[in-house]
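Student: Below: one structure in C-alpha cells.
Please treat every number below as a calculation from the coordinates, not as lab data. Values in this document were obtained by computation on a predicted structure and should not be read as measured data. Neighbour counts run over all protein chains shown; Cβ positions are idealised from the backbone, glycine included.
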Amino acid sequence: MVNSAGHALFASLTSVVLKNFIYWHIKHSRKLYWYSHKCLCYKESIMVATRYPPPWFSVAPMMDCTDNHYRTLARLISKHAWLYTEMIAAETIVFQKGDLDRFLAFGPEQHPIVLQIGGNDLDNLAKATQLANPYGYDEINFNCGCPSPRVAGKGCFGARLMLDPKFVAEAMSVIAANTNVPVSVKCRIGVDNRDSYNELCDFIYKVSSQSPTKHFIIHSRKALLNGISPKENRSIPPLKYEYYYALVRDFPHLRFTINGGINTIAEVNAAQTEGAYGVMVGRAAYSNSWNLLGHVDSAIYGAPPSGITRRQVLEKYQVYGDSVLGIYGPKPHIREVIKPVFGLFYSQPGFGLWKRKADAAFQYCKTIKSFFEETLVAFPDSVLDSPIVEAPQGFPDVFANSKSLLPPSYIVREEELLYAFREEGQSEYSH
C-alpha cells in the first residue's frame, strides 16, 4: 500500500505533469489553430494594407452621427481616416434584408470603411455578416462597449458582453467564418465593479486566444450600467489610459487602438508617440470636423496639405445631398443631410447667424443647393475660402503621465490556461 506521503508526492507530480501537459498542448495546438487562420488573415491584411493606409486614425462609430451623410462629408475632408458606420444590430440586417441598401449601402469614396454590428445571437450574427459581404466593407467590428440601456440591458448586448468573453470569442469566430475581411472588437476597460486590469486582460486573452481577433479598440473608460445615460458614460467614469498602454505592453502580438477623451491632432500624435498603434476619435471628429479631420492626412499620414476650402467641400457635398434627398420617401429630410455640416463651422465668425438662417431655411428649402444659397451668406469669404491652417495644440503630456501609472504585468492564471485548454478541446471535438 502507498502511504499518505506517497499519495502527496504522487498528487504533486501529477499536478506538475498536468500543468506542463496543458501548457504544451495549448502552446502547440494553438500554433496549429492560429496557423490555419494566419494564412487567411495575412492574405486579408495584405489585401487591405495594399489598398489603403493603416488605421492609424479612425472616427468612432456614433449612433445618429456616423451615418452616410457624415461619412460622405468626412471623406471630402480626409482621404485617409478610417470611417466606421453607426452600430447596426444584426437583427436589423437579418429582418430588413429586403431593404438592406437603406442600412448598408455607401458610396465607393468612403473606403476605408468598417461596419460595426451588435448582437447576442450567433445565428443572426452569421446571417448578418453574410448579408453585409456584398457591400464590400473593409473590416467588421463587433460592439462590446455601448453602455446605452437599450443595448446593454439585461439579456442584450454592447458593454454587457464584456462579462461573457466566451460568447464574444464564439461571436468573433462566427463573424470571421462568414467573411473574408479582418474582424475587430470595440470594448471598454471594464463594466461596473468588474473593472480591474486583470479582468480586462482576462477578457482580451480569452477572446484573442479562442477566436481570430487580433485588433481591439479600447475605450479607456469603464461602462456603468446602473442607469446613467450614454453621455454621462462618456464623462463620469474616469479615463485610465494606463490600462491601454499596459495592454500594449502585455499583448505585443495584438493590435490596440486607443479611444476616449482625445480631441485634437496634437493629442493623437502624442498617443502614437507613446506607442499607440491607432487612435480613434469620436465627438470631436463630428462636432469640429474641419479642424480635426482637416489635419489627419498631413499630420498623421504625411500627405501634402490638400489646400481644400470649405466652399469647395460644400460644392461637392451639395451634389451628394441633392442626389439622396427623399430617396426613401420622406427620408432623408434636408435637416438630416445638413446636420453634419455644422461641424465645418465650429466657433467660426458668422456661425450663430448661420444657425438662425438654417432654422428658417429648413421650413421652405427643398434642395441642398437652395439651402446653401439662402444661408451661406452668413459667413465671410475668409471663412469659406481659406484652406486649413496649422493644427491647434492640445495636451500631449497626458499620455506620457499614464506611463508612470502602469499596473503590474499580466500573468495568465492557471484557471485561464485551463479555460483555454477546455475550450480548445471542445472546439477540436466539435469538428
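Student: Quick check: residue separation of K79 and R335 times 0.36 nm, minus the Cα distance between them. What number comes out in nm?
Tutor: Working: separation 256, 0.36 × 256 = 92.16 nm, distance 2.54 nm.
Stretched out fully, the K79 to R335 stretch lengthens by 89.6 nm.
Student: How big is the Cα convex hull of region 310-385 in projection, averaged over all directions, in nm²?
Tutor: On the way: hull surface 18.0 nm².
Hull-based average projected area comes out at 4.5 nm².
Student: Between S229 and K97, how many nm apart are label points set 7 Å from Cα along the C-beta direction?
Tutor: It is 3.8 nm.
Student: Pop a pseudo-label 7 angstrom from the Cα along the beta-carbon direction at both R283 and D123 and give the gap in nm to one decimal.
Tutor: Distance between label points: 4.0 nm.
Student: Contour minus end-to-end for T367 and V389, with contour as 0.36 nm per residue of separation and end-to-end as the Cα-Cα distance? Kindly include the intermediate steps, with their values, before the conclusion.
Tutor: Values: separation 22, 0.36 × 22 = 7.92 nm, distance 3.09 nm.
Contour length minus Cα-Cα distance gives 4.8 nm.
Student: Still on this structure, I have one more. Which value, in Å³ per residue, describes the convex hull spanned by the Cα atoms of region 73-156? Before the final figure, lay out the partial values.
Tutor: Numbers: hull volume 8.8 nm³, N = 84.
Each residue corresponds to 105 Å³ of Cα convex hull volume.
Student: Name the residue from T367, V313, L384 whose Cα lies farthest towards the positive end of the charge dipole of region 310-385, charges +1 on Cβ of Lys and Arg and -1 on Cβ of Asp and Glu.
Tutor: Comparing the listed Cα positions along the dipole, T367 ranks first.
Student: Report the far tail of the P(r) of region 112-246, meaning the percent of Cα-Cα pairs longer than 28 Å. Let's see the in-between values first.
Tutor: Values: 1251 of 9045 pairs.
The answer is 14 percent, as a whole percent.
Student: Can you compute the modelled spin-label distance between Q110 and E315, with each label point 7 Å from Cα toward Cβ, in nm?
Tutor: Result for the modelled spin labels: 2.5 nm.
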